[in-house]
Structures are given as structure tokens and as C-alpha cells.
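Inspection log for the structure reproduced underneath, given as C-alpha cells.
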Amino acid sequence: MAKLYQQKWWKRVFMKPVKRPKVDIEKDLSAIKDCLMHITDDVTFLQDQIKALDELEKERKVAHSKILSVNIETQQHVLEKLIGRYQSFQDDVDINGLRLKMIASEFLRNAAKAGKDDIVKEKKHDPQWNFQW
């Protein structure tokens, strides 16, 4: 008798093939380009907020107890802006990293189809191409 995991009904129920997501390289590259065009705005904003927070922290260290409360509240408002914008910035970068990873995988598939096995073999073992940094 065949083992449970070798029976047809088991394979039909539990061993469904994994569907590979469709990769539209041009669309993904366009999204990455759009993000990179707007990244300077994000970086400028983040730098300004960090500079303001740094100045507030320096002031806090020498502040009298009367204005310490105002300083802390101001730091809170700056941090709220900074954290919110930084989260969006990081999400955009992470999403574009995933897009780039999918583009790299699709490239390797296309290279394999084109008979460029040497490129595929070299890049499959490259930590950078596997996004292991």
C-alpha cells in the first residue's frame, strides 16, 4: 500500500502547484523610477526634521524647567512627523526592493530561456542577486 502522502487524493488536495506571480518588468521599473523621482522630497523633509529634532535636543539639555515642557511637546510633534514620513519612505523602499527582486528572478528565467546558462549559474549563487546583504 502506498504511503499517505503518495496517494493521488492527497496530492490533489495538499500538493497544489505554487503559482508564480506574473512579473511586468516595464511596469515595475516605471514604479521604481517614479519612487526615485520623489525620493529627494522625502529625504529633504526627513533631513529637516532630524535637524530640528537635533536642535531641540540640544536646547533640552540646557533648558530651564519652565520651558522644558514646551521643548518636550515640540519634540513630540517633530517626532510624529518624522516617524510617519519615515515609515512611508521605508515602505516605499522595501516595496521597490521586492519589485527589483522579482525583476532579477524574471531576468534569470529569461536568460535561461535564451540559453545563457553560464549567466544563470553565476548569478544564482551570487548573494547580491539573491538579495542577501
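The values are calculated or read from the model by the stated rules, or taken from the named source; none is laboratory data. Note that the coordinates shown come from a computational prediction; the quantities given were computed from them, not determined experimentally. All Cβ positions, even for glycine, are placed from backbone atoms using ideal geometry, and neighbour counts span all protein chains on display. Please note that ligands, DNA and RNA were not included when accessible areas were found on the heavy atoms of the full protein model with its side chains. Shrake-Rupley method; radii C 1.70, N 1.55, O 1.52, S 1.80 Å.
Taking the solvent-accessible surface of protein heavy atoms with a 1.4 Å probe, what is the per residue accessible area of the chain in Å²? Each step should come with its number before you reach the end.
Details: 11110 Å² over 133 residues.
I get 84 Å² per residue for the chain.
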Segment 31-133 - charge dipole about Cα centre, Lys and Arg +1 at Cβ, Asp and Glu -1, debye rounded to 20: 320
Using alpha-carbon coordinates, inclination of helix 25-62 to the longest axis of the chain, degrees: 30
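Per the Kirkwood definition applied to all pairs of different Cα atoms, how many angstroms is the hydrodynamic radius of segment 7-133?
19.1
So if R0 is 22 Å, what FRET efficiency would residue 67 and residue 47 give, r being the distance between their Cβ atoms, rounded to the nearest 0.05? Could the numbers behind the result be given before it?
Numbers: r = 26 Å, r/R0 = 1.17.
Here the calculated transfer efficiency is 0.30.
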Distance between segment 115-133 and segment 20-78 - C-alpha centres, whole angstrom: 35
Selection from 43, 112, 74 lying farthest towards where the dipole of segment 12-122 points positive, charges on Cβ: 112
